[in-house]
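The values are calculated or read from the model by the stated rules, or taken from the named source; none is laboratory data. In this text the structure is predicted, and so the values were computed from the model without any measurement. FYI the Cβ positions are ideal-geometry reconstructions off the backbone, even for glycines, and counts take in every protein chain you see. Quick note on the areas: whole protein, heavy atoms, side chains included, nothing else; ligands and nucleic acids left out. Shrake-Rupley method; radii C 1.70, N 1.55, O 1.52, S 1.80 Å.
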Amino acid sequence: MRKGNAMAWEFTFLDWLQGFHTPVLTRIMEAVTFLGEAGWFWILLGIVLLCTRKYRFCGAAILAALLLDLVLANMLLKPLVARDRPCWINREVELLVRVPRDYSFPSGHTMASFAAASALFLTWRKAGIWALLLGALMGISRLYFYVHFPTDVLAGVILGIFCGAAGVWIMKKTRQTKLGNKYL
């Protein structure tokens, strides 16, 4: 097993976290991590909100944030950094989820969750608080399942918040246009 010095504390943390596995907690984490698969939950939420006049701006901001997230995380950072996942390096840990095929940095589940949740928080605070809590659980679930390093999740949180704020900013600028003012 290859563990670099820079990653030693991350493996120590992930290995420590393995001691908290229980059947009930694993079921909960499976459900949480499932919500983050391909961002389907956040995309659906954005579309549903987009279809309602009262929350249209909020839905548009979520979808803009998720689009920025897709480009930044999946098209730029993951291939550029090309960081192996902890489960690829330490094959001794029994995985309770399928082995992801893409690179580890940043955590896509966490980044998409925080992109959507931040956009939601900035446009609809009450719902946004719940979404941020779900985003935090999403990041924890990725550590729980040994598929991301803590720094992958931390980067996902920070970059996701950036994408969420940028999505809201883009929609505010769009709303200032004649067409945007009519529909948003």
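A few notes on this one:
- Residue check, residue 134 within 12 Å of the chain's Cα centre (by Cα) and within 26 Å of residue 25 (Cβ to Cβ): yes
- Candidate set: region 47-86, residues that are among the basic types (Lys, Arg) and assigned to a helix (DSSP H, G or I); chosen: the one surrounded by the most Cβ atoms within 10 Å (Cβ to Cβ): 78
- Test: residue 5 is under 21 Å from residue 105 (Cβ atoms), of a type outside the set (Ser, Thr, Tyr), modelled with pLDDT under 95 and within 15 Å of the chain's Cα centre (by Cα): no
- Elements of the type helices (runs of 4 or more DSSP H) sitting completely within region 87-184 and holding at least 1 residues that are closer than 26 Å to residue 8 by Cβ and open to solvent by less than 20 Å² (accessible area, probe 1.4 Å): these cover 108-123, 125-144, 150-175.
- Pairs with Cβ under 7 Å, 6+ apart, first in region 91-112 and of a type in the set (Ser, Thr, Tyr), second in a loop (DSSP other than H, G, I, E, B): 103/82; 103/83; 104/83; 104/84; 104/85; 104/148; 104/149; 107/148
- Subset of region 16-39 [among the small types (Gly, Ala, Ser) and farther than 18 Å from residue 99 by Cα]: 19
- Residue 34 being in contact with a Pro (Cβ under 7 Å, 6 or more places away or on another chain), open to solvent by 60 Å² or more (accessible area, probe 1.4 Å) and within 18 Å of residue 110 (Cβ to Cβ): no
- Counting the residues of region 13-31 that are surrounded by 12 or more Cβ atoms within 10 Å (Cβ to Cβ) and among the hydroxyl-bearing types (Ser, Thr, Tyr) gives 1.
- In the set (1) on the phi < 0 side of the Ramachandran plot; (2) touching a helix residue (DSSP H, G or I) at 6+ places or on another chain (Cβ under 8 Å), the condition left unmet by residue 39 is number (1).
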